[in-house]
Amino acid sequence: MVLRRAARTRLAPFGAAVLLAAVLVALGAPLLAPYDPLEQNLGQALARPGRAHLLGTDNVGRDVMSRVIWGTRVSLVAGFASVAIATLVGSLLGMLAGYAGGRADGLVMRAMDAVLSFPPLVLALALGAVLGAGLTGVLIALGVVYTPTFARLMRGQVLAIALREYVDAARALGAPGWRIAWHHVLPNAAPPIVVQASLSVAFAILAEASLSFLGLGIQPPGASWGSMINAGRGYLQQAPWIVFGPGAALFVTVVGLNFVGDAIRDALDPRLRG
Amino acid sequence: MARLVLHRVAAIVPVLLLVTAGVFALLHLTPGDPIDAMMAESVDASAKASLRQELGLDRPIHVQYATWMGRLLRGDLGRSIRTGEPVIENVSRRIRPSLELASLAMAVSLLIAFPLGIVSAARRNTAIDRAGTSFALFGICMPNFLLALLLIFLFGVTLRWLPISGYTDPVEEPLAGLRSLVLPAVTLGLALAAVITRTLRSSMLEALAEDYVRTARAKGLSEWRVIRGHVLKNALIPVVTVLGLQLGTLIGGAVITEYVFALPGVGRLVVDAVFARDYPLVQGVILLIALGFILSNLLVDLLYGWIDPRIRYR
């Protein structure tokens, strides 16, 4: 029902197609990549896009297309996993704050305010730096950065839903607190959380690419779009394709995910339609 | 208004405490020994021991925190372990390029967003509106490092109109200085312009549907005067909110922009400190950035109360 409504939005089919294609490419990377993404071939360095190498090769002769294909995995994993972490942790914290009230509420929400007191990318950069370079550090860093949004959203939902009559009814029937939370509050609080999560994935992918571009995240020679773009910027004059291949993949994926997120929002919460 | 100011300032205090605790904890989040993370393995044990002592890492953690906070309150944000330079001096040397970049970017974004947002809303569903909304989508989805490289490729490498990196002080050499800031400012400003265009268009559309607009039109005012006198003012409130919300993105964007264009600003300092594993410097700069961010948000909050009197009395 929700999906059918989402599909009716004009740009949603394009977004869904992009997302589906990205997922298929990520899953099928070993089959789809024409070359080994790490294999160097100095004789073929900086080759122009052509029949042998559809997107050309980089400065050590690696096939750009194969690296873009493998990089899809990193981007999708980073986008979805970091948002999943934030959704889970944020919702739990928000629920705790909204349900417990009082001191716990104050402490949790001030802590969330503190996280929001840092510009997101700067916080992610600092966390990624102390956690050590690598995908795990970036996932945790982005998870932390996005957590407050979900905590605030969930808390607001819990506070609003706790006043509803069906919660009173459940309580009057003697249902224990966790049962009310699980059966009554959570299902009703879910839609805005789902909307926020779907809109956040595109930003998380952008953020991972930014951190990789700066040198955190997947380390060389591993392929991620952001690090490929950074590595290629010294060759803009001779070989712009090193930058434009992963750049186009990143841009199209983010646009597609934005359309999907907008469509899900419109379907679940028509009031927010822009 | 005074009550609003007091209320907002009081709300900041606990957050500030938590922010400082968080920045302090940063050093202790390193997996393993932070000293090993900061110094290469080859460095001999006595140098490591003296750094450990200097940073107070050999003492119990609550003592470390108390000492660190005590220094903070006296305005001592620590010093770089690489150069020994105090954080404050390092940052004050680099703040001007960052501010120049940010204000130029802001100017670029307003110059693009206002005409585009107003015309898009006034000429809804025409070609120009579609161009405006497509631009907004492009700006929001385009990562700024990619945009920077596209601009460098186009205006620096291909057309050779503008320098592709480096910084010239615009106070000493106005023209060369401005030229060195054009591409960075456009890079940083475009994303902001996209968000403002989108917000202004939708808030104008909302205002255009109000009864007072119908009344103004019925009085026989020209469309331009209706927009200028009645619509624009009411449509500005969401724009200010969004500007406030975008501050964080702007600072993050400045970090990347300064990195790509090799501008010697505070953002570049963060990246350099992170990769030099100069954690005391990272802590100091991050704390200053957070303080600046909190203060700017406070200003936006107060500005909001000033623009919209309804907020003052809530």
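Details
- Selection over the range A:215-226 of residues that are in contact with a helix residue (DSSP H, G or I) (Cβ under 6 Å, 6 or more places away or on another chain) and within 11 Å of another protein chain (Cβ to nearest Cβ) gives a count of 3.
- Counted as qualifying within the range A:182-274 are the helices (runs of 4 or more DSSP H) with 1 or more residues that are among the β-branched types (Val, Ile, Thr) and in contact (Cβ under 8 Å) with a residue 24 or more places away in the chain, namely A:186-214, A:241-268.
- Selection over the range B:106-148 of residues that are within 14 Å of another protein chain (Cβ to nearest Cβ), crowded, with 23+ Cβ neighbours inside 10 Å and either outside any helix (DSSP H, G or I) or over 20 Å from the mean Cα position of the chain (by Cα) (or both) gives a count of 5.
- For the range B:163-174, residues that are of a type outside the set (D, E, K, R) and surrounded by fewer than 18 Cβ atoms within 10 Å (Cβ to Cβ) total 5.
Rundown of residues vs (1) away from every other protein chain (no Cβ under 13 Å); (2) among the acidic types (Asp, Glu); (3) surrounded by 17 or more Cβ atoms within 10 Å (Cβ to Cβ); (4) free of Cβ contacts under 8 Å to residues at least 60 places away in the same chain, yes/no style:
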position: A:Asn41; (1), (2), (3), (4): yes, no, no, yes
position: A:His53; (1), (2), (3), (4): yes, no, yes, yes
position: A:Asp58; (1), (2), (3), (4): yes, yes, yes, no
position: A:Val64; (1), (2), (3), (4): yes, no, yes, no
position: A:Val68; (1), (2), (3), (4): yes, no, yes, no
position: A:Tyr99; (1), (2), (3), (4): yes, no, yes, no
position: A:Ala114; (1), (2), (3), (4): no, no, yes, yes
position: A:Ser117; (1), (2), (3), (4): no, no, yes, yes
position: A:Leu125; (1), (2), (3), (4): no, no, yes, no
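- Considering residues of the range B:248-261 that are over 21 Å from B:Ile88 (Cα atoms) and more than 10 Å from every other protein chain (Cβ to nearest Cβ) only, the residue surrounded by the most Cβ atoms within 10 Å (Cβ to Cβ): B:Thr257
- Applying the condition of being outside any helix (DSSP H, G or I) and aliphatic (A, V, I, L, M) to the range B:149-166 and asking which residue is farthest from B:Val242 (Cα to Cα) yields B:Leu159.
- Unique residue being in contact with a His (Cβ under 7 Å, 6 or more places away or on another chain), farther than 26 Å from B:Gly156 by Cβ and more than 14 Å from every other protein chain (Cβ to nearest Cβ) when the list is B:Ala216, B:Ala207, B:Ala235: B:Ala216
- Any hit, the range B:181-192, residues being without any contact (Cβ under 8 Å) to a residue 60 or more places away in the chain, in contact with a Pro (Cβ under 8 Å, 6 or more places away or on another chain) and assigned to a helix (DSSP H, G or I): no
- The residue list A:Ser210, A:Ser198 contains one member that is within 23 Å of B:Ala191 (Cα to Cα) and more than 14 Å from chain B (Cβ to nearest Cβ), which is A:Ser198.
- Qualifying position, being buried (at least 16 other Cβ atoms within 10 Å of the Cβ) and at pLDDT below 90, among A:Leu131, A:Leu163: A:Leu131
- In the range A:46-93, the residues that are under 30 Å from A:Ala189 (Cα atoms), under 12 Å from the mean Cα position of the chain (by Cα) and not aromatic (Phe, Trp, Tyr): A:Ser75, A:Leu76, A:Val77, A:Ala78, A:Gly79, A:Ala81, A:Ser82, A:Val83, A:Ala84, A:Ile85, A:Ala86, A:Thr87
- Criterion applied to B:Thr20, B:Thr83, B:Thr67, B:Thr30 was being within 14 Å of another protein chain (Cβ to nearest Cβ) and either touching a Lys or Arg at 6+ places or on another chain (Cβ under 7 Å) or modelled with pLDDT of 85 or more (or both), and the one residue passing it is B:Thr20.
- Note on the range A:61-90: residues that are among the hydrophobic types (A, V, I, L, M, F, W, C) and within 12 Å of A:Ala249 (Cβ to Cβ) amount to 7.
The values are calculated or read from the model by the stated rules, or taken from the named source; none is laboratory data. Owing to the predicted nature of the structure, the values given are computational and were not obtained by experimental measurement. Heads up, the Cβs are rebuilt from the backbone with ideal geometry, glycines too, and the neighbour counts pull from every protein chain shown.
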